[in-house]
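The values are calculated or read from the model by the stated rules, or taken from the named source; none is laboratory data. These figures come from a predicted structure and were not determined experimentally. Cβ atoms come from the backbone with ideal geometry, glycine included; neighbour counts cover every protein chain shown.
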Amino acid sequence: DTGVSQNPRHKITKRGQNVTFRCDPISEHNRLYWYRQTLGQGPEFLTYFQNEAQLEKSRLLSDRFSAERPKGSFSTLEIQRTEQGDSAMYLCASSLEGFYGYTFGSGTRLTVV
Amino acid sequence: KNEVEQSPQNLTAQEGEFITINCSYSVGISALHWLQQHPGGGIVSLFMLSSGKKKHGRLIATINIQEKHSSLHITASHPRDSAVYICAVIHFGNEKLTFGTGTRLTIIP
């Protein structure tokens, strides 16, 4: 297993466009988390899945954001009608239920111009 | 107010110096993580603690549950240790990490 993989690494998009990011967790991990990190700040929680069920969403996750994990493996995070304030690093992490160890991906850096 | 406070926010030191980064949190936790983030964004987990002390190479992490405080120490610091170090906690009954704002460490040769 090569760890948590995120694609793309970088995305530049025009304001108003839709973007989709992908996260492939460690295969044995049934929990998957999305976090957002803006410049100079620590990451903030967006949402998490246990298997295919989305168990918690932050109020940061506006109606323009949607996340899925259709088969309990990889996950996608879509942002519709992007705004400049969406520019951030989007981090994915995975863990195994009952264990507190996390593995992070390298992140997707989104720039909205 | 962030539930996880780190100090200092920025730290510059000479190569070889002993480094200490502090983390305080306000409510009970199941576990605490120390993470390292290099430019480019990827986060690496250094330690996960729920009590006591852990050591890995030149890195040492301690936690005092009663005082709700943890420290990360780096001995014989090296320029390659330059990174942002982030403390993150898992609160009781919760699954997600709550992060501090990080400490930017720069080690000068």
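Residues that are facing another protein chain (nearest Cβ under 9 Å) and assigned to a strand (DSSP E or B) within the stretch A:90-107 comprise A:Leu91, A:Ala93, A:Ser95, A:Thr103, A:Phe104, listed in sequence order.
Yes or no, residue by residue, for (1) surrounded by fewer than 16 Cβ atoms within 10 Å (Cβ to Cβ); (2) within 15 Å of the chain's Cα centre (by Cα); (3) away from chain A (no Cβ under 13 Å):
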site: B:Val4; (1), (2), (3): no, yes, no
site: B:Pro8; (1), (2), (3): yes, yes, yes
site: B:Gly16; (1), (2), (3): yes, no, yes
site: B:Gln36; (1), (2), (3): no, yes, no
site: B:Gly41; (1), (2), (3): no, no, no
site: B:His56; (1), (2), (3): yes, yes, yes
site: B:Pro109; (1), (2), (3): yes, no, yes
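Residue pairs whose Cβ atoms lie under 9 Å apart, sitting 6 or more positions apart in sequence or on different chains, and linking a residue in the stretch A:76-89 that is touching a residue at least 24 places away in the same chain (Cβ under 8 Å) and part of a loop (DSSP other than H, G, I, E, B) to a partner that is loosely packed, with under 14 Cβ neighbours inside 10 Å and among the aliphatic types (A, V, I, L, M), are A:Ser87/A:Leu39; A:Ser87/A:Val113. Looking only at residues in the stretch B:58-90 that are β-branched (Val, Ile, Thr) and loosely packed, with under 15 Cβ neighbours inside 10 Å, the one that is farthest from B:Ile19 (Cα to Cα) is B:Ile65.
Listed conditions (1) within 14 Å of chain A (Cβ to nearest Cβ); (2) under 23 Å from A:Arg36 (Cα atoms) are all met by B:Ser50, apart from (2).
For the condition among the polar types (S, T, N, Q) and under 19 Å from A:Phe99 (Cα atoms), B:Ser71 does not qualify.
Checked across the stretch A:70-77, the condition of being at pLDDT 95 or above and surrounded by fewer than 18 Cβ atoms within 10 Å (Cβ to Cβ) holds for at least one residue. With a requirement of 1 or more residues that are surrounded by fewer than 20 Cβ atoms within 10 Å (Cβ to Cβ) and away from chain B (no Cβ under 11 Å), the strands (runs of 3 or more DSSP E) lying completely within the stretch A:6-69 that satisfy it span A:10-13, A:19-24, A:53-57, A:65-68.
The set of residues from the stretch A:40-52 being touching a residue at least 12 places away in the same chain (Cβ under 8 Å) and farther than 13 Å from B:Leu97 by Cα comprises A:Phe49, A:Gln50, A:Asn51, A:Glu52.
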